[in-house]
Amino acid sequence: MGLKRNCIIVLENNEQYIILNEAMYYGKKYFLAMGLDQNRVVNNKNVVILEEYVSGFETYVTKVIDSETIKVLTRMFKAQN
C-alpha cells in the first residue's frame, strides 16, 4: 500500500514527519517530509527526503543522505510546485 501525501509518520527514534510530496526516481518512491514537534506543529527547519521500502504489507522509510541524490530529488520536488 505505501505512504501518501499528508500522512504523518513516526520513525523508530520517535521523530515525527508529515509527508508533503512524493516523486519516483529510478523505480523508487521518495518523499519530501517536514518534521513535527511533540505537539505535531510543523518545524519548517527540519526538512528531509525519505526513501520508501515496501515489504508485504509493511512500509519502511530511510532518510536519504547521499548528496547527489538529494540534489536531484530537490530539483524534482521544486519542479512539482
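The values are calculated or read from the model by the stated rules, or taken from the named source; none is laboratory data. Predicted model, so just to flag it, every value in this text is computed and none were measured. Ideal geometry is used to build each Cβ from the backbone, glycine not excepted, and the neighbour counts take in all protein chains shown. Ligands, DNA and RNA are excluded from the accessible area calculation, which covers all protein heavy atoms including side chains. Shrake-Rupley method; radii C 1.70, N 1.55, O 1.52, S 1.80 Å.
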Exercise. Pick from Lys29, Lys71, Lys45: which is more than 14 Å from the chain's Cα centre (by Cα) and either in contact (Cβ under 8 Å) with a residue 24 or more places away in the chain or assigned to a strand (DSSP E or B) (or both)?
Worked result: Lys45
For this session: Name every residue in segment 11-45 that is farther than 21 Å from Arg75 by Cα and open to solvent by less than 50 Å² (accessible area, probe 1.4 Å), in order of residue number.
Result: Leu11, Gln16, Leu36
Problem set entry | Residue ID - farthest from Gln80 (Cα to Cα), chosen from residues in segment 13-26 that are touching a residue at least 12 places away in the same chain (Cβ under 8 Å) and among the aliphatic types (A, V, I, L, M) | Ile18
Exercise. In segment 46-81, what residues are closer than 19 Å to Gly2 by Cβ, surrounded by 11 or more Cβ atoms within 10 Å (Cβ to Cβ) and hydrophobic (A, V, I, L, M, F, W, C)?
Worked result: Val48, Ile49, Leu50, Val54, Val61, Val64, Leu73, Met76, Phe77
For this session: Would you please name the residue that is farthest from Asn46 (Cα to Cα), looking only at residues in segment 1-10 that are open to solvent by 50 Å² or more (accessible area, probe 1.4 Å) and free of Cβ contacts under 8 Å to residues at least 40 places away in the same chain?
Result: Lys4
